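Participant: To start, I am sharing the structure in question, which I have written as structure tokens.
The values are calculated or read from the model by the stated rules, or taken from the named source; none is laboratory data. Being a predicted model, the structure only gives us computed values, none of them experimental. Reconstructed Cβ throughout: ideal geometry from the backbone, glycine too, with neighbour counts over all protein chains shown.
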Amino acid sequence: MKTIFQVEELTKQELLGHIDALFEKRLSPLFSTKENTKLSIKEAAEELGVAKLTIHNYIKKGILPAFKIGRRVFIKRQDFDVALSEVKSLKYRR
């Protein structure tokens, strides 16, 4: 479906306002997605109700994949949700 705009008797400011509104409408879902957010160790610990040391241990064991920006450690929201939904087998392994 094509939308045709006729630009008649619009001031420059009105035209820019319409363009800004269109960009805002189209681009806002891209930047507000849950997948693009990252959690700090503190935020992840608060969400799970555990200590920050527990989150560090989960990262060391590979349960939670994480990445560093400078000295800070972050967990992608998507990876966090996937790790919570995985069910590990509790069978005894030799």
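Participant: For region 18-46, enumerate the residues that are in a helix (DSSP H, G or I) and modelled with pLDDT of 90 or more. Even if it seems obvious, please write down each step before you answer.
Facilitator: Applying the first criterion (in a helix (DSSP H, G or I)) to region 18-46 yields 18-31, 34-36, 41-46.
If the condition is that a residue be in a helix (DSSP H, G or I) and modelled with pLDDT of 90 or more, then I41, K42, E43, A44, A45, E46 are the ones that fit.
Participant: Ok, one more. Check whether at least one residue in region 76-88 is surrounded by 13 or more Cβ atoms within 10 Å (Cβ to Cβ), within 14 Å of the chain's Cα centre (by Cα) and in a strand (DSSP E or B), and report yes or no.
Facilitator: The answer is yes; a qualifying residue exists.
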